[in-house]
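The values are calculated or read from the model by the stated rules, or taken from the named source; none is laboratory data. Since the structure is predicted, the reported quantities are computational estimates derived from the model, not experimental observations. Positions of Cβ are generated from backbone atoms using ideal geometry, with glycine treated the same way; all protein chains shown enter the neighbour counts.
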């Protein structure tokens with residue numbers, strides 16, 4: 001007897017591009033369960049940390065279960081408070097907790113985080129990866145956006161424009177990606 005398939009949360013394309021002294025992270029706003037769009041304007045990219053002028057000095061985007069991602073954002077902010085100005089150290093400490101803590105191990109999400117110096121991808125398997133050539137995509141449309149960004153990165157567009165164009169291309173291909181995008185940038 002075949003077991004009924006549970007609905008799977010789909011959605012999200014998150015992309016980061018580092019070019020010309022600027023890093024940009026962008027993400028679409030679609031959240032789906034199975035074939036149904038539940039929300040079209042989710043904000044999956046945000047600023048973290050306590051930077052100058054009230055703006056965070058770290059930007060982050062998530063792919064995966066929303067509640068899990070918010071838990072990870074909170075944990076990362078705590079690590080950034082412990083290790084101010086040290087994104088890599090904070091990310092490694094979060095990855096250690098994520099991999100070893102019983103509760104955190106069950107979280108289903110991936111994150112891209114960046115500050116003025118480094119961009120990183122964090123996973124629940126303990127990975128803390130720096131993207132090759134300053135470009136990385138995650139989520140259901142991540143590979144489409146990544147391919148587009150790699151094709152555009154050597155051209156005249158700046159980091160934010162590359163992210164915007166690449167997310168638009170991903171939305172043409174991935175049914176779990178829409179054009180309601182959020183993009184955050186930081187200058188080095």
(message) Can you list residue pairs whose Cβ atoms sit under 6 Å apart, with the first residue in segment 73-85 being touching a residue at least 12 places away in the same chain (Cβ under 8 Å) and the second being surrounded by 18 or more Cβ atoms within 10 Å (Cβ to Cβ) and in a helix (DSSP H, G or I)? Count only pairs 6 or more apart in sequence or on different chains.
(response) 75/94; 76/94; 79/90; 79/93; 79/94; 80/90
(request) Would you check which residues across segment 131-141 are touching a strand residue (DSSP E or B) at 6+ places or on another chain (Cβ under 8 Å) and surrounded by fewer than 23 Cβ atoms within 10 Å (Cβ to Cβ) and list them? (result) 131, 134, 140
(request) Considering (1) closer than 22 Å to residue 184 by Cβ; (2) modelled with pLDDT of 95 or more, say which one residue 140 fails and leave the rest. (result) (2)
(request) Scan segment 108-130 residue by residue and report those that are surrounded by fewer than 19 Cβ atoms within 10 Å (Cβ to Cβ) and assigned to a loop (DSSP other than H, G, I, E, B). (result) 108, 116, 117, 118, 123, 125, 126, 127, 130
(request) Look through 99, 164, 179 and report the one residue that is in contact (Cβ under 8 Å) with a residue 24 or more places away in the chain, surrounded by fewer than 16 Cβ atoms within 10 Å (Cβ to Cβ) and closer than 19 Å to residue 12 by Cβ. (result) 179
(request) Identify the single condition in (1) outside any loop (DSSP other than H, G, I, E, B); (2) out of contact with any strand residue (DSSP E or B) (no Cβ under 7 Å at 6 or more places or on another chain); (3) modelled with pLDDT under 90 that residue 95 does not satisfy, given that it satisfies every other one. (result) (2)
(request) Kindly state which strands (runs of 3 or more DSSP E) lie completely within segment 4-49 and contain at least 2 residues that are at pLDDT 90 or above, under 30 Å from residue 155 (Cα atoms) and within 14 Å of the chain's Cα centre (by Cα). (result) 13-19, 22-27, 45-48
(message) Looking only at residues that are at pLDDT 90 or above and touching a helix residue (DSSP H, G or I) at 6+ places or on another chain (Cβ under 6 Å) in segment 123-137, which one is farthest from residue 28 (Cα to Cα)?
(response) 128
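In segment 134-185, what residues are at positive phi and part of a strand (DSSP E or B)?
Residues of segment 134-185 at positive phi: 134, 139.
Passing the criteria: only 139.
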